Amino acid sequence: MEAAKRKRNPAEYEDDEYDTSKPPPPPSSAASNGGIDLSLLDALEKSQQNPVEVLDIKTVKKLVLAFERRLKENIAARLKYPDQPEKFADSEVELHEEIEKLKILAGGPEFYPELVNLGTIASITSLLNHENTDIAIDVVGLLQDLTDEDVLEDNDEPAQILVDSLVENNALELLVQLLGKMSDSDPDESAAIYSILATVENFIEVKPSVAELVCERTKLMKWLLTRIKVREFDGNKQYASEILAILLQSSTVNQKRLGQLNGVDALLQAVAMYKSKDPKTPDEEEMVENLFDALCCLLMPLENKEKFVKSEGVELMIIIMNQKKMCYGSAIRALDFAMTNYPPACERFVDVMGLKTAFPAFMGKLPLSKKNKKRYKEELEERLVSLVASLFGGILRGSRRDRLLSKFVENECEKIDRLMELYMRYSNRVKLESERFDQIELDDLEMDEDEKYNRKLEAGLYTLQLIAVILGHLWTSEHPRIRARIDLLLKQQKLTKQDVKDILQEYHDNIGDLEGPEEKERGQSKIQRFISSF
């Protein structure tokens, strides 16, 4: 394709058509027929014999009938001559042609309910198990076209009807079985693997519950884990990483299921390939981000955090941070997920010299990278604030707690100075957002309290709340130098302890009960303790 588009340089023209030493080309058919190009006339005549059909109910029924007839003939020929492929080869070619013709239906999603009513879906999905893999691959292409996101836009109901029927007719099981038969070493089969993954993604787009169904009914997760372990990078490995992240992003059931399949270890092995090297292309870079997205989703359930610690995930993330390669920020994010509400991960982090790695980053000493633009730095700052808050929440006593507190005393309390710098920056952002609300209300546009709160969270309120929580931990340590420094910095910024208490109070009042009523009460009593100590 590239060669066809390539511009030619003048030297090349000299080499051929302008080279008089070469014989002239044969006369064109047009020249030899009195200026009339017979091939064009032939093409025109053929197109008039086969006009493009208008897609309506009549056409749909006609296409379906022709397809069902060819399918029946192929089944009959294969049963009659099971050991003589030459006897059923023609019927297979004809069946292939009818499957290709069905692709026109993607131009009229409004006819999908009719396709379902005609009972065609069972026939189509049965072919995913056809003895001739080429026919099965044809059907994958058809399903990919019929469920394409662009095709189904503004056709929600017909799309739901189609995907429901496909799922009822075991399309998920048959697609994943076919996936297991395909080999990346064959170009056609490699393309089919990509199409199968695209079709599964299309199903999930239309019907999100398919994300759990496909993992419950098939071995897709197992296949994806095997695929991401392959060392060489290619498009299918990238797509496998993307599908894995999609399956995990909003399903606790899938997160736990993958954990039971040794998924934590598999993902750690996959990202470990990039601990001391950067991806070579933007596609490979996207794959690594997908792998870390999947890992972070996987670290939501408690049991997977435990597996992460046992598999030395904390150590691996610290090694990645120390290497200062592209995965630096992703490693911080994974540590943040692992350490949130999980003390053993926090303890391991301190034990393997994680403080020495994390605090230079907390102080703003981030490795230079092409991605180190303003928003990237802010994201890392927010993650690091969350990570430090998790450390304080997970390490409540003993020598580890002392080591953590000592970080805020060393170098003339520079970490507290940094904390107050971040406090001021995020506080100003939230104030600006609150001023916008006032302006909106002056313009007679109503905003309820929940919407206001969510907008403030987006503006940086959550990070400000975590900074206030860290200040609460520092204040309740009753360390005289720490308290004196906080007092001094508040006065310098014309703030009082009441300002910090107000942020903590708002945080206290909005703690949800997602983790259950007991966890909510525990969280609120901890924040109340900070408020009282100030």
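The values are calculated or read from the model by the stated rules, or taken from the named source; none is laboratory data. It should be emphasised that the depicted structure is a prediction, and the values quoted were computed from it without experimental measurement. Using ideal geometry, Cβ is built from the backbone for each residue, glycine included, and neighbour counts are taken over all protein chains shown. These area figures cover heavy atoms from the full protein model, side chains too; ligands, DNA and RNA do not enter into them. Shrake-Rupley method; radii C 1.70, N 1.55, O 1.52, S 1.80 Å.
How many percent of the accessible area of the chain is carbon or sulfur, using a 1.4 Å probe? Its accessible area is 49 percent carbon and sulfur atoms. Largest first, the three principal axis extents of the alpha carbons in the chain are 101, 65, 57 Å in whole numbers. Applying a DSSP loop filter and a limit of 13 other Cβ atoms within 10 Å to the GluC sites (Glu not before Pro) in the stretch 170-278 leaves 232.
The lysines whose alpha-carbon is closer than 22 Å to the alpha-carbon of residue 456, local same-chain residues fewer than 8 away aside, are 374, 377, 431, 497, 501, 520. Computed extension gain for residue 352 through residue 209, at 0.36 nm per residue and net of the alpha carbon distance, reaches 47.4 nm.
Solvent-accessible surface of the chain, averaged per residue with a 1.4 angstrom probe and all protein chains in place: 53 square angstrom. At 222 nm, what value in deg cm²/dmol follows for the chain if DSSP H runs of at least 4 each add -39500 (n - 2.57) and the sum is divided by all its residues, to the nearest 500? Rounded to the nearest 500, the figure is -23000 deg cm²/dmol. At q = 0.19, 0.22, 0.23, 0.27 Å⁻¹, what is the base-10 log of I(q)/I(0) for the stretch 183-266 according to the Debye formula with one equal point scatterer per Cα and no solvent? Please give it to two decimals. Treating every Cα as an identical point scatterer, log10 I(q)/I(0) equals -0.84, -1.09, -1.18, -1.47. Both numbers refer to the Cα atoms of the stretch 387-439; Rg and Dmax are 15.7, 51 Å. Comparing Cα centroids, the stretch 296-346 and the stretch 378-405 end up 14 angstrom apart.
The loop-placed trypsin sites (Lys or Arg not before Pro) in the stretch 280-310, going by DSSP, that have at most 13 neighbouring Cβ atoms within 10 Å of their Cβ come out as 280. Between helix 133-146 and the chain, what is the angle of the helix's C-alpha long axis to the longest principal axis, kept within 0 to 90° and rounded to the nearest 10? Taking Cα atoms only, the helix is inclined about 60 degrees.
To test your reading of the geometry: what angle, between 0 and 90 degrees and rounded to tens, separates the Cα axis of helix 480-492 from the longest principal axis of the chain? For 480-492 against the chain, the angle is about 70 degrees.
As a calculated quantity, the FRET efficiency between residue 436 and residue 232 at R0 = 56 Å, using C-beta atoms, amounts to about 0.65.
Sorted into 5 angstrom bins from 0, the C-alpha pair distances of the stretch 310-364 split as 4, 21, 34, 28, 11, 2, 0 percent. What is the chain's relative contact order, in percent, from Cα pairs under 8 angstrom and six or more apart in sequence? Relative contact order comes out at 7 percent. Loop-located trypsin sites (Lys or Arg not before Pro) in the stretch 494-534 (DSSP state other than H, G, I, E, B) with a sparse environment of at most 11 neighbouring Cβ atoms within 10 Å: 494. Charge dipole (Cα centre; +1 on Lys/Arg Cβ, -1 on Asp/Glu Cβ; no other charges) of the chain amounts to roughly 3680 debye. Over the C-alpha trace of the stretch 64-198, radius of gyration and Dmax come out as 14.9, 48 angstrom. With the whole protein complex present, residue 297 retains an accessible surface near 30 Å², based on a 1.4 Å probe.
Cα extents for the stretch 261-305 along the principal axes, largest to smallest and rounded to whole angstrom: 34, 16, 15.
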